[in-house]
Amino acid sequence: MSTPHLYSSLLQVLDSSRAWLCYWILHSIELLNEPIPEETKSQVIEFLRLCQDENGGFAGGPGQEPHLAPTYAAINALCILRCKEAYDVIDRAKLLKFLFRLKKKDGSFRMHEGSESDIRGVYCALSVAMLTSIWSQELTKNTAHWVSRCQTYEGGFGGVPDMEAHGGYTFCGLASLVLLKEGKLINVHKLLRWLVNRQMRYEGGFQGRTNKLVDSCYSFWQGGSFPLVHRLLNKTDPENLDMSCWLFNQKALQEYILISCQAPHGGLIDKPGKTKDYYHTCYALSGLSVAQHFHNGIKGQDTVVGHYDNELIPTHPIYNICVPSAIQAIQYFQHLTYPVMPDEIQISDSGDEAES
């Protein structure tokens, strides 16, 4: 295959991930503590405005169907820009209606209209609802119990009840329960045992599932779960909790990312032998940030491998945007009026919306 055709094929695959590309790139830049040019901010704002559906939510690209995953990515990207112009792109009233259309009576959320529901949908819905201050008890009714049913016999979480435990699904489930303040519904010690055994003894990075290979993206999906577990254990078992570090080998993870996962000309890779991409760059850097910064709610402690220039900005363990970006967005939206729903929303067993 010639080079032009190769690039054309790759771009076609990413056409529905353009909102994700905005998030992956912007979050990588903010982690590196590099400024985002004003022109770039304006371009991102206008592009994501085109991705917003007239009935609420965001699509992966202009003219496509709205979907919870790019909605999460687009809202995170807009929050990273930290300006009123970016925040005001989000139509909160229509976003709220969009979330209710995807909500099912069992508490789960579908990824898009007509699709299946899984734990990713729950996390994406809760994350954007909390960031934009449109959360309500009605929106989250039964959700915590549905998420708790996704914990497996191993201790991690599957995408739906009775499925295999997986790093990405585990983060989504755990973050959702922390947002809902319902960590008591799961076996945290069993979860911790599963998580610590996902760090590879030789490589230092994390695998996504039992008996799988190491992958740098799980530096965040698995590594990012430890601050959340720490938060839960700090409430229930503080006397047995180390208050100086996370419960994984932070140094080994940093060494895996810095030594084995940096591409020669920039960017990060899955593992040696793979090519660089924005997805792995974003989540490897996010995991590196988690490994560098410990904070127990009272005081923090940094553990930076190598030169001090390796230090990244701390990322928020729930939203995975940098802490100042999350705080500023939440404070902005909290001062806005809660969106008024035009009619009472009834949620059917299939998740379809009915208005009375």
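Here, each number is a calculation from the coordinates, and none is a lab measurement. What you see is a predicted model; the values in this text were computed from it and never measured. Counting neighbours? That spans all protein chains shown, and the Cβs are built from the backbone with ideal geometry, glycine included.
In whole percent, what relative contact order does the chain give with Cα contacts below 8 Å and a gap of six or more residues?
Relative contact order for the chain comes out at 17 percent.
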Legend entry - the stretch 184-263: relative contact order as a whole-number percent, Cα under 8 Å and 6+ apart: 30 percent
Inset, instruction - Calculate the dipole size of the stretch 86-208 relative to its Cα centre from +1 charges on Lys and Arg beta carbons and -1 charges on Asp and Glu beta carbons; express the result in debye to the nearest 20. - result: 280 debye
Legend entry - Qualifying lysines (Cα of each under 21 Å from Cα of K184; at least 8 residues distant if same chain): K141, K235
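How far, in nm, would the chain grow between I259 and E39 when pulled straight, counting 0.36 nm per residue and subtracting the alpha carbon separation? Walk me through the numbers before you get to the answer.
Details: separation 220, 0.36 × 220 = 79.20 nm, distance 3.41 nm.
Roughly 75.8 nm would be gained on extension.
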Legend entry - Long-range amide H partners of M163 with built H, under 5 Å: G158
Legend entry - Ordering of 229-239, 65-75 by packing [mean C-beta count within 10 Å, highest first]: 65-75, 229-239
Inset, instruction - With Cα Rg over 2.2 N^0.38 Å defined as stated, name the option among (1) 0.97; (2) 1.21; (3) 1.42 computed from the structure displayed. - result: (1)
Legend entry - Euclidean distance of C-alpha centroids, the stretch 54-85 and the stretch 134-198, integer Å: 25 Å
Inset, instruction - Only Lys, Arg, Asp and Glu count, each charged at its Cβ (+1, +1, -1, -1), so figure out the dipole size of the chain about its Cα centre, rounded to 20 debye. - result: 820 debye
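Counting only other residues whose beta carbon sits under 10 Å from that of Q64, what net charge do I get with K and R as +1, D and E as -1?
Local charge sum for Q64: -2.
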Legend entry - Dipole of the chain, positive direction: furthest Cα of G168, L81, L195, with charges on the beta-carbon: L195
Legend entry - Segments 313-322, 151-160, 135-144 sorted - mean Cβ within 10 Å per residue, highest first: 313-322, 151-160, 135-144
Inset, instruction - In nm, give the distance between the simple-model label positions of K184 and C245, each being 7 Å from the Cα along the Cα-to-Cβ direction. - result: 3.3 nm
Inset, instruction - Sort 334-341, 126-133 for me by packing, meaning the mean count of neighbouring Cβ atoms within 10 Å per residue, highest on top. - result: 126-133, 334-341
Inset, instruction - Using 0.36 nm per residue of separation minus the Cα-Cα distance, give me the extension gain between H307 and E85 in nm, one decimal. - result: 76.2 nm
Inset, instruction - Under 29 Å Cα to Cα from K274, which lysines show up? Leave out anything in the same chain fewer than 8 places away. - result: K212, K251
